[in-house]
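Chemist: This is the structure, below, for whatever I ask next.
The values are calculated or read from the model by the stated rules, or taken from the named source; none is laboratory data. This one's a predicted model, so the numbers in the text were calculated from it and none came from an experiment. For neighbour counting, all protein chains shown are included, and Cβ atoms are generated from backbone atoms with ideal geometry for every residue, glycine included.
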Amino acid sequence: MSVTNNAISIAKLHFGFRRNEFVLKELSLEVPEKAIYGFLGANGAGKSTTIRNILGLLQADSGDIQLFGKALKSHRKEVLSRIGCLIEAPSLYKHLSGYDNLRIACKYLDLPLSRIDEVLELVNLEAHKNKASKNYSTGMKQRLGLAIALLPDPDLLILDEPTNGLDPTGIIEIRNILKALNARGKTIFLSSHLLGEIEKIATQVGILKNGQMVFQGTIGELDRLRYQNLTFLISCGEVNRAAEILRKEFPVNILESEQLELTLSDRKELPAIIKNLVMADIPLYDFSPQRNDLEKLFINLTEG
């Protein structure tokens, strides 16, 4: 895909807080315009550092960042003016109402006050606009922070863990708002360490491990990846001896249920496994395939 069709394009990015100690290593990713891009990784993988590089808050040691097809280094003011962001918890004037927080932001950004009611409607806070923000729930504060990010009507929203600390109702509210914004044509880039939430909203996914991308593609492509390795549960007698025999050729775990968990790359290996157990006079009671869910795949990609 041409970088001109991407809201974000990163190529071979290196960044470290100390010399020769890189937090991000050869990081490359592409976020298509009008996509909802879920940026996944365990805590400490480098997600927030990546976002700060995209926003120009940190400067990479090497590599290239382009936003809307233009280099961040040479078009910084132009491209950043098209971005709204919410990094961590929003900074609010707690003694002021939601409306007044937005009014101050409008004054700072030199925007018309008419934008306030427009963004309040987008984040479903019209009924609470006159309440002091210190009395807002965590979810309402997050939505007010999102409203502030939306004031300049950005083409791209960058959100760092936007549902962190929210209850299930708050998570659903944020999810529905982001889907509605995307339907209006906005590109959304959101980081998370929760695959289950990203799976419900994202059209594209990138997975980061130790500062390096280990997967990038659609949710469908990630889903297909889980079928590359097949997991089977084996119920048999003499579990320890059976595991010892199979471990000579295959990865095997002994479960608390006294079953064997066996991972294969090809189901054509099954006859040889059954034959080995039968030849060793090990009683075989059951042999069943298991569905590898995306959560397990995510753990396999990001840990170890």
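Here's the yes/no breakdown for (1) without any contact (Cβ under 8 Å) to a residue 12 or more places away in the chain; (2) loosely packed, with under 14 Cβ neighbours inside 10 Å; (3) touching a strand residue (DSSP E or B) at 6+ places or on another chain (Cβ under 9 Å); (4) over 30 Å from S192 (Cα atoms):
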position	(1), (2), (3), (4)
A243	no, no, yes, yes
E261	no, no, yes, no
D266	no, yes, yes, yes
V278	yes, yes, yes, yes
D281	yes, yes, no, yes
S288	no, yes, yes, yes
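Chemist: Can you go through T203, T231, T218 and tell me which one is over 15 Å from the mean Cα position of the chain (by Cα), among the polar types (S, T, N, Q) and either over 14 Å from G38 (Cβ atoms) or surrounded by fewer than 19 Cβ atoms within 10 Å (Cβ to Cβ) (or both)?
Modeler: T231
Chemist: Now a separate question. Given the condition surrounded by 13 or more Cβ atoms within 10 Å (Cβ to Cβ), out of contact with any helix residue (DSSP H, G or I) (no Cβ under 8 Å at 6 or more places or on another chain) and within 22 Å of L190 (Cβ to Cβ), answer yes or no: does some residue in region 102-109 qualify?
Modeler: Within region 102-109, not a single residue is surrounded by 13 or more Cβ atoms within 10 Å (Cβ to Cβ), out of contact with any helix residue (DSSP H, G or I) (no Cβ under 8 Å at 6 or more places or on another chain) and within 22 Å of L190 (Cβ to Cβ).
Chemist: Take I188 and tell me if it is of a type in the set (A, V, I, L, M, F, W, C) and farther than 21 Å from N124 by Cα.
Modeler: Answer is no for this residue.
Chemist: Would you check if there is a residue in region 118-131 being of a type in the set (K, R) and outside any loop (DSSP other than H, G, I, E, B)?
Modeler: no
Chemist: Can you confirm whether G63 is under 19 Å from K209 (Cα atoms) and surrounded by 22 or more Cβ atoms within 10 Å (Cβ to Cβ)?
Modeler: no
Chemist: Would you confirm, using the coordinates I've provided, whether E256 is in the same structural domain as L277 (by TED's automatic domain parsing), free of Cβ contacts under 8 Å to residues at least 24 places away in the same chain and assigned to a loop (DSSP other than H, G, I, E, B)?
Modeler: Yes; evaluated as a whole, the condition is true for this residue.
Chemist: Continuing with this model, one more query. Given the options S74, S91, S9, S97, name the one that is surrounded by fewer than 22 Cβ atoms within 10 Å (Cβ to Cβ), small (G, A, S) and under 24 Å from the mean Cα position of the chain (by Cα).
Modeler: S91 is the lone residue from the list that is surrounded by fewer than 22 Cβ atoms within 10 Å (Cβ to Cβ), small (G, A, S) and under 24 Å from the mean Cα position of the chain (by Cα).
Chemist: I'd like to know if region 174-183 contains one or more residues that are surrounded by fewer than 19 Cβ atoms within 10 Å (Cβ to Cβ) and in contact (Cβ under 8 Å) with a residue 60 or more places away in the chain.
Modeler: yes
Residue by residue, here is whether (1) of a type in the set (A, V, I, L, M, F, W, C); (2) closer than 18 Å to L181 by Cβ holds:
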position	(1), (2)
H75	no, no
G84	no, yes
L102	yes, yes
K107	no, no
P112	no, no
I116	yes, yes
V119	yes, yes
L125	yes, yes
K129	no, no
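Chemist: Could you please let me know if L113 is touching a residue at least 24 places away in the same chain (Cβ under 8 Å) and of a type outside the set (K, R)?
Modeler: Judged against the criteria, L113 is not a match.
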